[in-house]
Amino acid sequence: MARSHYISGMHRLFTSLVWGVGLFCVFAFGVSAMPVVDSVRIGDYPEKTRFVIEFDKPIKFNVFTLGSPYRVVVELPEVAWRINPDAVPRGKRITGYRFGLFKPGQSRVVIDLKSPIRVANSFTLPLNSKRGHRLVLDIAKISAEQFAALQKRRPALMPSTSEADAVVRAPRPPIKKPKKRFKPLRPLIVLDPGHGGIDPGARGRRGTLEKQLVLSQAKELRRQLLATGRYRVVLTRSRDIFVRLRERIAIAHRAGGDLFISLHADSIGNRHVRGGSVYTLSERASDKEAEALARRENKSDIIAGVDLNDQSETVAKILIDLRQRLTKNDSVAFAKSLVSQLGKQTRMLRRKHRFAGFAVLKGPEIPSVLIEMGYLSNLQDEKLLRQPSHRRKIAGAIVRAIDSYFSRQQALRQP
Ligand SMILES: [Zn+2]
């Protein structure tokens with residue numbers, strides 16, 4: 001007996017060693033196989049601007065332009081970025097650029113331009129004694145009419161897909177019929193860390209990126225929610241990847257969410273303003289600041305270089321609006337309980353609960369709120385939000401608000 005225990009113990013140890021080594025290899029080779037971007041350079045010439053991206057390996061690419069606002073979008077395989085996001089060079093015609101993961105297997109660079117342009121030339125150069133593999137784009141200024149004509153001639157873009165689409169396409173396990181007298185499912189909370197991948201969101205004064213901060217907060221909140229044993233949790237993204245706004249809503253629907261919580265941390269011009277706030281959906285914003293905030297948050301798709309010309313959403317929008325009214329009361333009730341719980345743990349704005357037209361809150365049937373945890377433009381808020389202990393406290397307050405929301409719902413449903 002003792003011997004067979006020993007052997008099975010050895011066997012287990014061996015098996016886990018083989019697994020461990022195997023996983024390590026997959027990880028190590030997976031990482032090393034990914035091309036690395038070492039640098040980006042911009043050169044201005046009288047007739048063109050040259051944009052050069054340098055890689056450690058040869059790559060394939062695709063490039064196209066978008067209007068309103070004018071952008072050049074470069075599609076790349078999934079690459080690792082070894083360039084400093086703070087050192088964003090600008091050119092005569094280029095106002096800035098972003099890079100990051102757009103969807104699994106695809107990275108992007110989105111270049112913002114002052115005026116209509118065309119990509120006059122795009123080609124790759126091989127490694128030489130001085131430089132690595134390079135992707136070169138020559139961007140030339142054209143008139144608005146020429147730009148419009150070129151856009152018309154361009155073949156329609158493939159509809160943008162994201163992480164969630166990949167999940168949907170994966171074969172689903174057969175649905176088991178629930179047994180009679182089954183326990184009701186625990187409420188499903190959908191956590192939506194804002195931004196991600198090519199959309200960094202706000203940037204703190206000490207360089208904190210909103211996309212990273214809100215992902216950490218969502219993971220902490222998930223941990224605490226699951227620890228109660230009372231909830232199920234789905235995240236709209238669990239890594240540094242871009243997810244379209246309407247896709248975030250679709251994820252919540254496919255999962256059958258009972259509550260949708262979008263997490264953000266904004267940045268504004270006034271460095272003294274600090275404190276958290278909670279937002280619910282309304283076509284008319286409660287105030288100017290709320291309206292401006294919604295405009296900033298709704299820009300995510302533009303930032304990521306998504307073509308918004310294919311939106312045939314008007315009809316769908318009317319249908320959605322009708323059903324939205326029904327969930328609005330629930331959203332407001334949850335927002336109130338959030339404001340009171342968060343207020344016990346963290347500083348809040350004077351007007352704690354506000355309304356505005358956030359695209360991400362437009363999911364019908366699911367009560368939805370957006371939490372701005374604080375201002376990354378304020379040094380004290382940024383410092384607090386970087387502390388895991390502070391994020392634990394905020395998560396604790398949100399869990400208590402969720403508890404009181406569902407106990408109230410239950411009380412309402414009781415005869
Ligand atoms: Zn945000």
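The values are calculated or read from the model by the stated rules, or taken from the named source; none is laboratory data. This structure is a prediction, so every number in the text was calculated from the model and none was measured. Ideal geometry is used to build each Cβ from the backbone, glycine not excepted, and the neighbour counts take in all protein chains shown.
Considering each of A265, A250, A218 in turn, give the residue that is in a helix (DSSP H, G or I), surrounded by 15 or more Cβ atoms within 10 Å (Cβ to Cβ) and within 14 Å of the ligand (Cβ to nearest atom). It would help to see each step written out before you state the result.
Numbers: A265 fails: in a helix (DSSP H, G or I); A250 fails: within 14 Å of the ligand (Cβ to nearest atom).
Residue meeting the stated conditions: A218.
Do the conditions hold for E210, that is, is it touching a residue at least 60 places away in the same chain (Cβ under 8 Å), acidic (D, E) and out of contact with any helix residue (DSSP H, G or I) (no Cβ under 9 Å at 6 or more places or on another chain)? If you could, list the steps in order and put the result at the bottom.
Numbers: touching a residue at least 60 places away in the same chain (Cβ under 8 Å): yes; acidic (D, E): yes; out of contact with any helix residue (DSSP H, G or I) (no Cβ under 9 Å at 6 or more places or on another chain): yes.
So E210 passes the test.
Hey, does the range 130-152 have a residue that's at pLDDT 65 or above, among the aliphatic types (A, V, I, L, M) and in contact with a His (Cβ under 7 Å, 6 or more places away or on another chain)?
Just the residues of the range 130-152 that are at pLDDT 65 or above, to begin with: 130-152.
Now narrow it down to the ones that are among the aliphatic types (A, V, I, L, M): 135-137, 139-140, 142, 144, 148-150.
Checking the rest, the ones that are also in contact with a His (Cβ under 7 Å, 6 or more places away or on another chain) come to none.
No: the range 130-152 contains no residue that is at pLDDT 65 or above, among the aliphatic types (A, V, I, L, M) and in contact with a His (Cβ under 7 Å, 6 or more places away or on another chain).
Can you find a residue in the range 230-245 that is within 23 Å of A401 (Cα to Cα), within 16 Å of the ligand (Cβ to nearest atom) and out of contact with any strand residue (DSSP E or B) (no Cβ under 7 Å at 6 or more places or on another chain)? Taking every residue of the range 230-245 in turn, none turns out to be within 23 Å of A401 (Cα to Cα), within 16 Å of the ligand (Cβ to nearest atom) and out of contact with any strand residue (DSSP E or B) (no Cβ under 7 Å at 6 or more places or on another chain). Here is a list: A292, A304, A333. Which entry is modelled with pLDDT of 85 or more, within 16 Å of the ligand (Cβ to nearest atom) and over 18 Å from I249 (Cα atoms)? Checking each option against the conditions leaves just A292.
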